[in-house]
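Only one structure is covered here, and it is reproduced in the block below.
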Amino acid sequence: MSISIKKRIMIEAKLKRNEPIVSVKFDDGIESCYHGIWLRDHCKCPNCKHSISKQRLIDTSKIPIDIKPESLTLNGNELRINWPDGHQSSFESIWLHHNSYNPNIIRNKKNYMLWGKDLINHLPTVSYADVMNEDGDGLKRWLNHIVFRNLY
Ligand SMILES: [Zn+2]
């Protein structure tokens, strides 16, 4: 089985006036909006995301909730963001298109759940025994919690 992902090109990227939101228009006509804090939190540079383990290296809670890019540079398949503290982030068009949440573009993302402060009271759990049981579906359930709640 192969999965075909259509490559998308960004034709415009701009900051929304008076809002910490980046608006990106793709060549399929869809315009997606991304909050500054979401973009800063998803930075993939080696200082923010471990190159081998892919573990996030920044503390999301330390990012100002109203962080707004200082400037944007668009180059077809890549959006570069300069942040007020001098940090730079880079995002590929295909990644932004696939992870668009406003609007939610990818139909098979219907099972995704946004998380917020209420998650702490409803943490998904799967027992260790269920995860380790090779005859059950514990591992699948555990991984689904991670993927569909964007906890990775
Ligand atoms: Zn970074």
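The figures follow:
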| quantity | calculated |
| --- | --- |
| Single unsatisfied condition, L114 versus (1) under 26 Å from A13 (Cα atoms); (2) without any contact (Cβ under 8 Å) to a residue 60 or more places away in the chain; (3) within 16 Å of the ligand (Cβ to nearest atom) | (3) |
| Residues of the stretch 48-61 satisfying the condition of being near the ligand (Cβ under 8 Å from one of its atoms) and in contact (Cβ under 8 Å) with a residue 12 or more places away in the chain | C48, I58 |
| Qualifying positions in the stretch 69-93 - aliphatic (A, V, I, L, M), within 11 Å of the ligand (Cβ to nearest atom) and either under 19 Å from D28 (Cβ atoms) or in a loop (DSSP other than H, G, I, E, B) (or both) | none |
| Set I52, I37, I11: member being exposed (fewer than 13 other Cβ atoms within 10 Å of the Cβ) and of a type in the set (A, V, I, L, M, F, W, C) | I52 |
| Every pair of residues 6+ apart whose Cβ atoms lie under 7 Å, when the first sits in the stretch 74-90 and is touching a residue at least 12 places away in the same chain (Cβ under 8 Å) while the second is among the charged types (D, E, K, R) and more than 11 Å from the ligand (Cβ to nearest atom) | N77/E92; E78/E92; N82/E70; W83/E70; P84/E70; Q88/R80; S90/E78; S90/R80 |
| Flag for D66 being assigned to a loop (DSSP other than H, G, I, E, B), within 13 Å of the ligand (Cβ to nearest atom), within 20 Å of K14 (Cα to Cα) and among the charged types (D, E, K, R) | no |
| So S61, is it in a loop (DSSP other than H, G, I, E, B) and surrounded by fewer than 15 Cβ atoms within 10 Å (Cβ to Cβ) | no |
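Each value in this text was obtained by applying a stated rule to the coordinates, not by laboratory testing. Because the structure is predicted, anything quoted here is derived from the model rather than measured. All Cβ positions, glycine included, derive from the backbone under ideal geometry; neighbour counts span all protein chains shown.
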